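As structure tokens, the structure follows; a few thoughts come after it.
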Amino acid sequence: MSMKEIKLIVTDLDSTLLRRDKTVSDFTVQVFQRIRKSGILLAFATARDFRFVTEYITPRTGIIPDILIADNGALACVNGKDIYKKMIPSNIVNTLMQRFKLVRGVSTEAAYYLSGGCSNDHWSIGKKATIITDYSTEMVDSAFYIDGNTDKSALSWTENYPDVRAVSYSDVDIITVVHNEATKLNALNAVKNELNIDLSEIAVFGDDYSDMEVIENSGFGIAVANAIEEVKAVADFICDTNDNDGVAKWLEGNVL
């Protein structure tokens, strides 16, 4: 298939589209404006709470995605409509929180609960939907994810809870627990079914473990040069780094 037949661009945010300071260049903004004008759809796929996009990235960049995959794949929205949602029941949330050395954040539909010890988070503080808490009160809502400090043993203790899985990261000592069916690939499959687009018509950019499945299973999988080696190994292409407009340069050279 020709790259000219790509119908959907999916990009991870941290360490992929965003530079280290969480910004994008004017060049990147212009490329994405041209992508939108060409009729190609745009999706952001992030491990973060969905408010990171709606309250931080979009206002600062002006880039408004057609599709949002957030919360490590627990949520997928197309033009503001929720089409995929996998949440951890509140009783399991409260049980699992006791296993963390420190709970940093819990993402629910109503609010983002943030530990006071992590209150320097650059996008959450001051937002109406953010609640600073010590988690002494039990959660009553289901959660998209629980985020916290622990050791790698979390990857094994979640086996006692078949409805959840643990996600690790290459660059931070944090474990995120999500619903077992919350993956970027599952969310993307829901998106492509909603839009009647084949995976072969989708280009995906990423850098870390949670991006591997979507990069490997899409028509065009692209790893940024700063990606972990495991991601590069399954990618079809390697573009420049996130700090050097890698995503935008690849799109300009191969799609536009």
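The values are calculated or read from the model by the stated rules, or taken from the named source; none is laboratory data. Keep in mind it's a predicted model, so treat the numbers as computed, not measured. Cβ: placed from backbone, ideal geometry, glycine included. Neighbour counts: every protein chain shown.
Structure notes:
- Verdict on F44 being outside the structural domain of E109 (by TED's automatic domain parsing), closer than 21 Å to K184 by Cα and touching a helix residue (DSSP H, G or I) at 6+ places or on another chain (Cβ under 6 Å): yes
- Condition check for F27: out of contact with any strand residue (DSSP E or B) (no Cβ under 7 Å at 6 or more places or on another chain) and assigned by TED's automatic domain parsing to the domain that holds F237: yes
- E109 meets each of the listed conditions (1) crowded, with 20+ Cβ neighbours inside 10 Å; (2) acidic (D, E); (3) outside the structural domain of A225 (by TED's automatic domain parsing) apart from (1).
- Residue match in the stretch 25-32 (condition: modelled with pLDDT under 95, out of contact with any Lys or Arg (no Cβ under 6 Å at 6 or more places or on another chain) and either part of a loop (DSSP other than H, G, I, E, B) or not polar (S, T, N, Q) (or both)): no
- The stretch 62-81 - residue that is charged (D, E, K, R) and farther than 27 Å from T158 by Cα and, of those, farthest from the chain's Cα centre (by Cα): K81
- Single residue of the stretch 204-220 satisfying the filter (crowded, with 22+ Cβ neighbours inside 10 Å and either among the small types (G, A, S) or not assigned by TED's automatic domain parsing to the domain that holds R48 (or both)) that is farthest from E5 (Cα to Cα): S210
- Strands (runs of 3 or more DSSP E) lying entirely in the stretch 157-229 (those with 3 or more residues that are more than 28 Å from R104 (Cα to Cα)): 202-206, 220-224
- Long-range neighbours under 7 Å by Cβ, at least six apart or interchain, first residue more than 28 Å from A227 (Cα to Cα) within the stretch 157-170, second part of a strand (DSSP E or B): D163/H179
- Condition met for R20 (surrounded by fewer than 23 Cβ atoms within 10 Å (Cβ to Cβ) and under 21 Å from V177 (Cα atoms)): no
- Scanning the stretch 217-249 for residues that are more than 20 Å from Y169 (Cα to Cα) and of a type in the set (K, R) returns a single hit, K249.
- Selection status of V103, surrounded by 14 or more Cβ atoms within 10 Å (Cβ to Cβ), modelled with pLDDT of 85 or more and aliphatic (A, V, I, L, M): yes
- Qualifying positions in the stretch 239-256 - surrounded by fewer than 23 Cβ atoms within 10 Å (Cβ to Cβ), out of contact with any Lys or Arg (no Cβ under 6 Å at 6 or more places or on another chain) and of a type in the set (A, V, I, L, M, F, W, C): W250, V255
- T58 over 19 Å from V204 (Cα atoms) and part of a helix (DSSP H, G or I): yes
- Within the stretch 33-60, if we keep just the residues that are modelled with pLDDT under 95 and among the aromatic types (F, W, Y), the residue that is farthest from Y169 (Cα to Cα) turns out to be Y56.
- Lone qualifier among A129, A110 - being at pLDDT 90 or above and of a type outside the set (F, W, Y): A110
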